[in-house]
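A short write-up of the structure that comes next.
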Amino acid sequence: MIWNRQLAAFAALNGALAVAIGAFGAHGAGPQIKTLLTTGASYQLAHALLALICAGLAPLIPLASLAGWLASTGGLVFCLAVSLLGLLNLPILGAVAPIGGILMILGWLVLAGATLRPSQSDA
């Protein structure tokens with residue numbers, strides 16, 4: 001099977017980072033920061049998995065790669081924004097997190113739209 005290897009690698013690195021951030025949140029962070037870290041890590045991990053699936057679907061669904069890039073980039077931006085918000089107490093990062101959220105939502109919507117488009121084999 002031919003798949004999008006760059007997207008798969010980005011997704012795998014995103015997944016590894018999510019596990020590291022989640023582990024730090026569970027074991028090394030104070031109670032106030034723990035919630036931010038675990039929330040960010042869970043969103044990042046879910047969207048890394050979506051990106052990995054999209055990398056495999058890329059040969060079958062033309063827009064799957066775009067959906068995967070949107071989802072995984074959004075997960076990374078969201079996770080880093082809320083994590084750094086908690087760790088560095090920089091309120092400006094609260095304005096960056098919604099950008100990641102929008103990208104994650106767009107990833108899901110692009111994938112939904114792409115799966116509903118008729119393929120050449122349907123014609």
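Each reported figure results from applying straightforward, stated rules to the coordinates on display, with no laboratory input. Note that this is a predicted model, so its numbers are computed, not measured. Here the Cβ is made from the backbone with ideal geometry for all residues, glycine too, and neighbour counts use every protein chain on show.
Length available on full extension from A95 to K34: 0.36 nm per residue minus the Cα-Cα distance, which gives 20.0 nm.
Here the convex hull built on the C-alpha positions of the chain has a volume of 83 cubic angstrom per residue. With the simple spin-label model, which puts each label point 7 Å out from Cα in the Cβ direction, the A12 to A46 separation comes to 2.5 nm. The stretch 96-116 and the stretch 21-49 have their alpha-carbon centroids 21 Å apart.
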